[in-house]
């Protein structure tokens, strides 16, 4: 409960602080190969290592990641959780103030979380030796028909 109170105090102070909205390239530079950890505005702690290969290893606040992936789309970071049949996708713009990162829902602009970026993978997040496939990343292929993208992903 104390952690939520601290988060709320930080959120209330944010409008008074100067924040910079990051571009997709700036988000990519900050997150790639590093661990993003923080608290959701609704409570709950998350910590995810953003592997350069697109895997989001760690814990998303509700359970340990088993098949989570991340990608930069335009000026937002998007996360894919779950198998294709039951996938959830969450996209956020990112603002930075000194060392705090503010993640806002792309669809409505509401603050979703406050986070910090830790260099590399200090929490030793890994895939537990399990296969991990980021099929959502096939969307990176520009101007390739979807049928060819799906066949290439197999």
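Side notes on the structure shown:
- Whichever residue in segment 75-97 is over 11 Å from the mean Cα position of the chain (by Cα) and in contact (Cβ under 8 Å) with a residue 24 or more places away in the chain and, among such residues, is nearest to residue 135 (Cα to Cα): 84
- Residues being at pLDDT below 90, closer than 19 Å to residue 118 by Cα and touching a helix residue (DSSP H, G or I) at 6+ places or on another chain (Cβ under 9 Å) - total across segment 73-102: 0
- When residue 151 is tested against (1) at pLDDT below 50; (2) under 15 Å from residue 30 (Cα atoms), exactly one condition is not met: (2).
- Count of segment 85-117 residues, restricted to those that are over 15 Å from residue 56 (Cβ atoms) and part of a loop (DSSP other than H, G, I, E, B), is 7.
The values are calculated or read from the model by the stated rules, or taken from the named source; none is laboratory data. Just so we're clear, the structure is a prediction, and the values are computed from it rather than from any experiment. No Cβ is skipped: glycine too gets one built from the backbone with ideal geometry, and neighbour counts run over all protein chains shown.
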